[in-house]
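Trainee: Mind having a look at this structure? Questions to follow.
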Amino acid sequence: MKNRQNRQKKAQPLPVLFICISVLPAVILTLMFTIWPTVQALYLSFTNATSLGLNNKFVWLDNYIYMFHDKSFIQALKNTAKLMAVVPVITIFCSLVLAFVLNQCKLKEMVLYRTILYFPNIVSLTVVGIIWSFVFHPNVGIVNKILGAVGLESLQRSWLGDSKTALWCIAFTLLWQAAGYYMVMHIAAMDGISPEIYESATLDGASAWRKLISITMPLMKDIIGITFVLALSGTINLSFVLSQVMTGGGPNGASSVLLQYMYTQGFVNGNFGYAMAITVFTLAISVALSMLSRKLTDASEGGQ
């Protein structure tokens with residue numbers, strides 16, 4: 001008996017060692033591909049680096065100060081703010097409506113509809129940008145073709161070449177690409193809501209809209225908060241690809257966003273120090289907004 005207890009005592013450290021060994025590769029990868037690049041970007045943001053070499057001089061906060069005197073950066077910041085104010089809200093709302101319709105209608109072809117709506121998320125974002133560039137093309141694009149077919153030639157325009165519409169074409173493309181992804185997440189959450197709640201609401205004469213507003217959304221507050229934060233960060237990151245592919249930030253910076261302008265400064269103009277300052281600034285915004293969104297969600301839950 002004593003020998004068995006002694007063996008058990010000796011065997012206790014083994015699980016801890018096994019856990020450490022199992023976690024070690026993930027820790028190493030995180031350090032190599034997340035922590036170290038972030039530290040390096042922070043370091044370069046305080047230098048006048050024009051290459052990734054070692055002959056960089058510290059300029060301290062000069063890059064950050066110049067940032068707010070750079071009209072092109074201010075324009076990119078305003079464009080990013082516009083997208084962040086509009087795209088996540090509309091995307092999450094549309095995905096909720098789609099999820100609710102598919103979940104409540106019990107259509108026979110529901111799997112097919114889910115697949116069709118989710119499909120844009122599978123396609124490479126670069127391909128999505130190219131496809132919608134053709135959709136908005138002034139000569140061969142389907143948008144102008146439809147407007148011409150219904151007698152609305154006065155509304156035809158060069159959608160991506162017009163400073164008033166270029167950014168909103170990117171916003172619409174972001175919405176089209178992401179709505180299906182969040183729809184699937186919301187459907188999974190709706191499956192956890194008891195059907196009896198909806199049946200009781202139906203007996204009380206509640207409309208589908210009332211069910212969505214009064215039942216579905218309050219019961220899904222947690223998942224909506226999570227998807228909103230994801231959509232917020234996704235808007236910052238994904239808008240770069242679409243801006244680069246569809247308009248290149250034009251015309252005259254009308255559709256430029258923070259990461260697209262960072263790419264231009266770093267890899268086109270070779271101003272790596274300034275580009276890294278923009279990167280750090282964008283990262284700070286993303287983290288701050290994510291924390292704020294999560295805090296507001298928690299506060300609303302605590303108030304109930």
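The values are calculated or read from the model by the stated rules, or taken from the named source; none is laboratory data. In this text the structure is predicted, and so the values were computed from the model without any measurement. In this analysis, Cβ positions are derived from the backbone assuming ideal geometry, glycine residues included, and neighbour counts consider all displayed protein chains. Note: accessible area is taken over every heavy atom of the protein model, side chains too, but ligands, DNA and RNA are not part of it. Shrake-Rupley method; radii C 1.70, N 1.55, O 1.52, S 1.80 Å.
Trainee: Would you mind finding the longest exposed-site-free stretch of the chain, with exposed trypsin sites (Lys or Arg not before Pro) meaning DSSP loop and at most 10 other Cβ atoms within 10 Å?
Mentor: For trypsin sites (Lys or Arg not before Pro) (loop position, at most 10 other Cβ atoms within 10 Å), the longest site-free span of the chain is 165-304.
Trainee: Return one whole number: the accessible area per residue of the stretch 187-304 in Å², for a 1.4 Å probe.
Mentor: Accessible area per residue: 49 Å².
Trainee: Okay, moving on. Once you order the gyration tensor axes a ≥ b ≥ c over the Cα atoms, which shape class does the stretch 146-216 get: rounded for a/c under 1.5, otherwise prolate or oblate by comparing a/b with b/c?
Mentor: prolate
Trainee: Divide by every residue of the chain the summed helix terms, -39500 (n - 2.57) for each DSSP H run of at least 4, and state the resulting mean residue ellipticity at 222 nm, rounded to the nearest 500 deg cm²/dmol.
Mentor: Per the formula, -22000 deg cm²/dmol.
Trainee: Here's something else I'd like to know. Considering the options F119, S163, T50, tell which one lies farthest towards the positive end of the dipole of the chain, charges being +1 on Lys and Arg and -1 on Asp and Glu at the Cβ, about the Cα centre.
Mentor: Result: T50.
Trainee: Also, I was wondering about something else. Give me the accessible area per residue for the stretch 36-96, probe 1.4 Å, as a whole number in Å².
Mentor: 61
Trainee: Turning to a different aspect of this structure: Quick check on my link table: of K78/K164; K82/K211; K71/K164; K106/K211, which ones sit more than 21 Å apart, alpha carbon to alpha carbon?
Mentor: The pairs that break the limit, which is 21 Å between Cα atoms, are K82/K211.
Trainee: Something else now. Whole number please: convex hull volume per residue, Cα atoms of the chain, in Å³.
Mentor: Cα-based convex hull of the chain, divided per residue, equals 249 Å³.
Trainee: E109 to K145: FRET efficiency via 1/(1 + (r/R0)^6), r the Cβ-Cβ distance, R0 45 Å, to the nearest 0.05?
Mentor: For E109 and K145, the calculated efficiency is 0.95.
Trainee: Please state the charge dipole magnitude for the chain, taken about the Cα centre, from unit charges on C-beta atoms (+1 on K and R, -1 on D and E), reported in debye and rounded to the nearest 20.
Mentor: Here the size comes out at about 940 debye.
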